[in-house]
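The structure appears below as structure tokens.
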Amino acid sequence: QVQLVESGGGLVQAGGSLRLSCAASGRSFGYYAMGWFRQAPGKEREFVAAISWSGGSTYYADSVKGRFTISRGNAKNTVHLQMNSLKPDDTAVYYCASDPLISRSNRYQYWGQGTQVTVSS
């Protein structure tokens, strides 16, 4: 079993920055890829970024490339999403996810409860 808990969401002005964190627990976490997804009102859940268990591979959605950075924390059970140059279109509930294989799909095995990110105009 893997438990995921997101934190760091909140309200930020357009152009600002926000750093999301995900804390994981479970014996297999160290060998799992981690991903970030988001879901805006009226839209389907979409891929944002992912990182391999080692941190050697990262994937980004085109909409966030160059603005967002995913990284492993110093502790192996944490992952972060640094979000810069935020836009109102980034407003969504952000979910942390974990799976044995890194991918851009939404078919990850474990999911957190989500954290709200709101970007004002």
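The values are calculated or read from the model by the stated rules, or taken from the named source; none is laboratory data. Because the structure is a prediction, the values reported are computed rather than measured. Please note: Cβ atoms are built from the backbone with ideal geometry, for glycine as well, and neighbour counts cover all protein chains shown. Each accessible area value is taken on the protein alone, full model and side chains, heavy atoms only, with ligands, DNA and RNA left out. Shrake-Rupley method; radii C 1.70, N 1.55, O 1.52, S 1.80 Å.
Data table
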{"item": "Cβ charges +1 (Lys, Arg) and -1 (Asp, Glu), total dipole of segment 52-121, debye", "result": "160"}
{"item": "Farthest positive-ward along the chain dipole, Cα basis, beta-carbon charges - from Val12, Gly55, Ala92", "result": "Gly55"}
{"item": "Protection proxy ranking of 77-88, 6-17 - average other beta-carbon atoms within 10 Å, highest first", "result": "77-88, 6-17"}
{"item": "Cut-off 13 Å between beta-carbons: net charge of the residues surrounding Ala97, Lys and Arg +1, Asp and Glu -1", "result": "+1"}
{"item": "Accessible area expressed per residue, segment 60-121, with surrounding protein chains retained (probe 1.4 Å, Å²)", "result": "52"}
{"item": "DSSP loop trypsin sites (Lys or Arg not before Pro) with at most 16 other Cβ within 10 Å: longest gap in the chain", "result": "77-103"}
